[in-house]
Every structure is written in C-alpha cells, then in structure tokens.
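J.: Before we start, here is the structure in question, set down as structure tokens.
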Amino acid sequence: MRRALKMVVDPVSCAGEGLCAELFPERITLDPWGYPIVSDEPLTPQLMEHARRAVDMCPHLAIHVMDAPVRVPTPTRRGGDGPGPEPTRAEARIVAQLRGGGPRR
Amino acid sequence: MTTTMHREVTSGAPHPAALPRLLRGLRPEGGAVGLGEHLERWGALDLRWVRHHLQPELEDSGLRGHGGAAFPVAAKWRSVAAAGRRPTVILNGAEGEPASAKDALLLARTPHLVLDGAAAAAAALGAGRGVAYVPRHLSDALLAAVGARQRHGLDPVPVEVLEAPPGFISGQESAAVNGVQGRPAVPSFIEIRPIRERGVDGRPTLVHNAETLAHVALVARYGARWFRALGTERNPGTTLLTVSGRPGGPVVQEAAFGTPLREVLGLGPDATRSYQGALLGGYGGTWVTIDTLLGLDLSEDSARSSSATLGAGIVVLLGHDACPLAEVARVVRYMEGESAGQCGPCVHGLAALDEVLQGLAFARQSRANVEAIGELCALVEGRGACRHPDGVARFVTSACAVFASEVAAHLRSGPCRRVGAPSELPFRGRVLRRQGGVAARPR
Ligand SMILES: Cc1cc2nc3c(=O)[nH]c(=O)nc-3n(C[C@H](O)[C@H](O)[C@H](O)COP(=O)(O)O)c2cc1C
Ligand code: SF4
Ligand code: SF4
C-alpha cells in the first residue's frame with residue numbers, strides 16, 4: 001500500500017473551536033458541531049506551509065502529521081501495486097519539523 | 001510458509017477433528033476445572049518448546065483474534081517482538097459486550113486453559129509482566145487459579161489480576177492499557193503510537209482476548225497442523241459463539257469455522273417464521289435478514305461478503321413479537337450512554353442518532369428525520385479515538401436496511417402494539433437466562 005503524509009486530529013484532545021479549518025481550509029472542514037473533518041487525501045509539499053500553521057496554532061495540540069498508508073489509489077512510478085514511493089527527503093524533513101523534534105524513536 | 005520444527009501431536013492429544021475443543025469436558029452445569037483436573041485433561045505446557053518454536057507455529061496455524069477484529073495473531077506478535085523491549089502481556093477478559101458471554105464462561109469454567117495461553121505468550125515473547133484484566137465477579141476465582149499455578153511454577157512471569165470496570169468500552173485495547181495502569185479505563189488516541197510498540201508504561205504490549213489465548217494454549221500443545229484440522233484455510237480452527245434469542249435463552253457453543261450457520265444455529269428453511277432478523281457481532285455489529293443468515297457460513301470472510309461481521313462471535317435472533325425499531329432504539333440509547341464522552345463527533349453524533357431513533361421508534365406521530373440517519377452515521381465513522389461510534393453506525397445502518405418496511409410503517413402510522421413488548425436484546429445487569437448445553441453464565 002502506498003504511504004504518504006497524512007494529517008490526523010486527536011479527537012480526545014480536540015475541543016472543536018474550529019480554528020484549524022480557517023488555517024487550513026484546503027484539507028479541513030467542520031462538521032455540524034464544529035469539529036474538524038480532515039480530508040483523506042495525502043498532503044502535498046505545496047500544502048505544507050498551511051498544514052504546519054494548523055499544527056502549530058491548534059490550542060490543544062490535537063493535530064498531527066504522520067507518515068501512513070493511504071487508501072487513495074495513487075499510481076506508483078512503476079504503475080504496479082508495489083509499496084509505492086517513500087516520502088521525499090523534503091517531505092521527511094517537514095514531518096520531522098512538524099513533530100517538533102527529530103525523527104520518531 | 002515458514003519451515004519450523006513441527007510439533008508432533010502427542011499421544012494424549014484429542015483427535016484433531018473432534019469437537020468441542022475449548023469446551024472439551026465441560027458439563028452443562030458445574031464449577032471451574034481445577035489445576036489438577038486441567039493438567040490431567042490437557043497435560044502441562046512445555047515452556048521450553050514454546051520459547052523457541054511457538055511463534056513460527058502460530059504463524060502456520062493462521063489463528064486470528066477472537067476479540068472482534070479477527071486480526072492475525074502472529075502479525076501482532078511480530079510487531080510486539082520487533083519493538084525490542086520486554087513486553088507486557090494482557091489477557092483481556094473485560095467482555096463489555098452485553099450479548100457476549102464466552103469470555104466469562106471460559107474464565108469461570110476453564111481458567112487454566114486461558115492462563116496457559118497467557119503463559120505461552122509471555123514465554124515466547126520474553127514478557128516482563130503478565131496481567132489478567134477481568135471483571136470483578138471473576139477476579140477472586142482467577143486470583144486463586146493464578147496462586148495455584150505459582151505454587152507449581154507454571155507461569156514464566158507471575159500474573160497480576162486487575163479489575164476491568166463494567167461498561168461497554170473498558171475492554172477496548174487502549175482502554176484496557178489505561179485501566180491496567182490505574183487510569184480511567186477509557187480509550188486513548190493511539191494512531192500515532194500503537195499499543196504494540198508503546199503500551200503499558202511505554203513498553204510494547206500484547207493485548208489478547210481471553211478466547212484467543214485459549215486457542216494459543218492449544219497451538220502451544222498440539223501445533224499448527226492439529227489446529228488446522230478444523231476450519232477453513234483462511235479461518236482455521238473453531239470459535240465460540242454466544243447465541244441468544246432462541247427458546248431456552250442464551251447459550252455459548254463452539255463450532256468449526258466454515259460450518260454452515262444454519263447448521264450451527266439449528267435453523268430450518270422455515271426459520272423466517274420464527275425470526276424476523278438476526279444481529280451478528282453484537283451491538284457494534286450488523287443486522288442481517290434471516291435469508292442472508294441461512295446462506296452464510298461461520299467465518300469472518302463469509303460474514304464480510306454480506307457486509308457483516310461476526311465480531312466477538314455473537315448471534316442474536318430476533319423473534320416476531322419484538323418491535324425491531326424499539327430494540328434498535330434501546331441499544332442506541334445504551335451505546336450512547338456507554339460512550340466515554342471524550343470525542344466530539346462521538347458525543348454529539350450518538351446523541352443525535354439517539355434522538356432520531358427514539359422518535360422513529362416511540363413517537364405517536366413520527367416526524368423523525370430518517371434521512372438524517374445516513375448522514376449522521378457517515379459523520380461519526382472513523383472520527384473517534386476508538387471504533388465505538390463506527391460500531392453504532394454499522395448497527396443502525398444495517399438495521400434500517402433489514403427493517404426498511406418497519407421504518408416505513410412507523411413513519412406512516414406510528415408504532416404498532418409490539419412497541420411495548422419487553423426488550424429482547426440483553427443488557428448488562430439484566431439476568432441472562434440459562435439452558436442446557438453449556439449455559440451462558442449470567443453476569
Ligand atoms: C468499543 C470496543 C470495545 C471492545 N471491548 C472488548 C472487550 O471487552 N474484550 C475484548 O477482548 N476485546 C474488546 N475490544 C477489541 C479490543 O480492542 C482488541 O482488539 C482485542 O482485545 C484484541 O484481542 P484479539 O487480538 O485477541 O482479538 C473492543 C473494541 C472496541 C472498539
Ligand atoms: S484547532 Fe485544534 S482544538 Fe480547534 S477544532 Fe482544530 S483540532 Fe480541534
Ligand atoms: S470514540 Fe467515543 S467511546 Fe471512543 S474514546 Fe471517543 S468518546 Fe470514547
């Protein structure tokens with residue numbers, strides 16, 4: 001399965017004020033109760049600036065970016081169903097920054 | 001396939017095709033099988049063999065978890081082992097699901113088989129800690145069983161018995177991990193750090209359902225080949241089922257995977273005359289029509305081909321005397337109350353679903369906004385820290401499909417007389433009736 005950068009909201013920490021939807025409208029909308037719905041689409045390098053803004057500004061530190069398998073079928077370079085490309089180095093660096101520290105573990 | 005030193009079936013082994021396996025030798029009524037009787041019946045585990053060979057053997061056995069998700073056991077062990085530190089093993093006996101009684105039955109009647117599974121897991125993975133997480137009514141007896149084992153040196157690590165609080169979600173994996181650490185037994189958001197890598201006290205943690213561990217104990221004794229003599233290629237072995245709704249009350253029974261469900265449940269082609277629908281997988285599961293039910297066999301794959309799930313092995317047959325919408329509304333209200341109340345979409349979404357379903361089931365002039373049901377279900381799915389709301393969505397969506405004509409009738413002319421009938425679906429605290437066979441033990 002293809003791996004890509006994905007944004008997730010920790011629903012336990014999230015208090016639903018909806019700030020993130022203003023900061024990152026490209027991927028976040030709000031449900032009828034004001035809680036964020038994050039699109040399943042993987043993050044692209046162009047979106048990282050806004051993604052980062054949302055991660056940093058969430059008052060409850062509820063937003064995370066992680067490297068995860070994605071359901072959205074994206075053609076791999078080989079066109080097969082292989083593991084798919086690893087995140088680029090630029091992407092990996094951004095994730096490390098977003099996590100607020102070095103790489104996990 | 002890995003090549004392993006296959007466990008040769010010892011002379012004392014039960015015939016591989018014989019049923020039941022886990023429930024072997026249990027009489028319909030009776031107490032717990034004590035340690036002496038247990039060792040006579042099953043022999044002692046060879047922990048030295050277990051340490052070196054159980055993991056590949058489990059891989060070959062194809063055993064999947066019995067806690068609800070049918071996740072391959074060997075794959076879970078692999079990630080726990082890969083985390084590289086001494087793990088904690090948790091025997092999950094919480095069984096929060098009101099329509100399930102199999103874990104309590106195993107723990108009350110054949111506790112040493114379940115504890116053997118925990119011991120085998122602890123030995124094979126080099127665990128530093130073993131915990132039995134069980135409801136209060138089982139903990140004293142289990143503590144005594146653990147004590148007897150300790151005196152005979154049967155467990156590689158002493159097993160602590162900790163109490164699982166009552167409630168639907170206290171047995172969810174991360175809730176169990178929290179409970180074991182003395183925190184409120186509610187789920188955590190674990191998407192970023194799986195329990196298998198960082199669970200109890202930050203250590204890798206293996207959480208298994210009680211029944212899963214009992215099957216592990218059999219693989220540890222008789223090997224993968226023996227284990228695979230029953231069941232199907234993808235769903236090998238046997239499973240316990242808690243079946244309720246039939247005359248005589250709930251029963252826990254064991255059957256081989258792949259057996260036609262009509263045979264397992266003893267249903268004839270005229271079953272539609274007795275039952276108006278069936279619930280598979282409990283309150284986080286799916287309703288199916290009786291016709292669908294009669295076409296399924298006992299396996300997660302077969303259930304999934306009809307968009308259903310067996311969950312933790314639960315079948316509830318619903319007779320014609322009940323109002324299905326009243327039953328559904330009561331369960332949704334119960335499930336709403338069982339939410340840990342931590343996640344916005346779960347709290348608000350289940351409350352909204354509850355309101356619509358109460359209106360649909362009980363209001364004289366039903367102006368329930370049934371169109372909202374689908375939308376609400378989509379809004380809660382995948383949006384909690386745990387899968388509790390997903391289960392409710394599955395339960396409600398499938399109920400609306402199976403009982404579509406009742407939905408239409410309620411909208412047209414309000415509830416019929418059946419709406420006042422007492423609840424057929426069980427809730428905790430309500431005493432489950434018992435009957436012959438191996439009776440479901442009430443809690
Ligand atoms: C709301 C909820 C409640 C659960 N309750 C239980 C439970 O009471 N007992 C249990 O064994 N698993 C329960 N589970 C499943 C566990 O999260 C976990 O998958 C299971 O214990 C793993 O065991 P297995 O690999 O042996 O199947 C629950 C899951 C959810 C989402
Ligand atoms: S900004 Fe943070 S707390 Fe506010 S809605 Fe978004 S995720 Fe939730
Ligand atoms: S999804 Fe619901 S039940 Fe699960 S943790 Fe969140 S609030 Fe609790």
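The values are calculated or read from the model by the stated rules, or taken from the named source; none is laboratory data. Just so you know, these numbers come straight off a predicted model, no measurement behind them. Please note: Cβ atoms are built from the backbone with ideal geometry, for glycine as well, and neighbour counts cover all protein chains shown. For the accessible areas, the whole protein counts, side chains as well, though only heavy atoms, and no ligand, DNA or RNA atoms are used. Shrake-Rupley method; radii C 1.70, N 1.55, O 1.52, S 1.80 Å.
J.: Is it true that some residue in the stretch A:2-21 is of a type in the set (A, V, I, L, M), modelled with pLDDT under 90, within 11 Å of the chain's Cα centre (by Cα) and away from ligand 3 (no atom under 16 Å from the Cβ)?
T.: Looking through the stretch A:2-21, at least one residue is of a type in the set (A, V, I, L, M), modelled with pLDDT under 90, within 11 Å of the chain's Cα centre (by Cα) and away from ligand 3 (no atom under 16 Å from the Cβ).
J.: For the subset of the stretch B:239-253 comprising residues that are of a type outside the set (Lys, Arg) and outside any strand (DSSP E or B), which member is surrounded by the most Cβ atoms within 10 Å (Cβ to Cβ)?
T.: B:250
J.: What's the total number of residues in the stretch A:24-43 that are more than 9 Å from every other protein chain (Cβ to nearest Cβ), open to solvent by 50 Å² or more (accessible area, probe 1.4 Å) and part of a loop (DSSP other than H, G, I, E, B)?
T.: Result for the stretch A:24-43: 4.
J.: Sticking with this structure for a sec: Could you identify the single residue in A:21, A:54 that is touching a Cys at 6+ places or on another chain (Cβ under 8 Å), open to solvent by less than 30 Å² (accessible area, probe 1.4 Å) and part of a helix (DSSP H, G or I)?
T.: Working: A:21 fails: touching a Cys at 6+ places or on another chain (Cβ under 8 Å).
Only one candidate qualifies: A:54.
J.: I'm trying to understand the selection: among the residues of the stretch B:380-429, which are touching a Pro at 6+ places or on another chain (Cβ under 6 Å) and either within 30 Å of residue A:62 (Cα to Cα) or open to solvent by less than 60 Å² (accessible area, probe 1.4 Å) (or both)?
T.: B:380, B:383, B:384, B:385, B:386, B:403, B:406, B:426, B:427
J.: Could you tell me which numbered condition residue B:333 fails, if it satisfies all but one of (1) in contact with a helix residue (DSSP H, G or I) (Cβ under 8 Å, 6 or more places away or on another chain); (2) modelled with pLDDT under 95; (3) open to solvent by 50 Å² or more (accessible area, probe 1.4 Å); (4) of a type outside the set (Phe, Trp, Tyr)?
T.: Condition (2) is where residue B:333 drops out.
J.: Pick out the one residue from B:94, B:83 that is open to solvent by less than 20 Å² (accessible area, probe 1.4 Å), under 25 Å from the mean Cα position of the chain (by Cα), more than 14 Å from residue B:117 (Cβ to Cβ) and assigned by TED's automatic domain parsing to the domain that holds residue B:138.
T.: B:94
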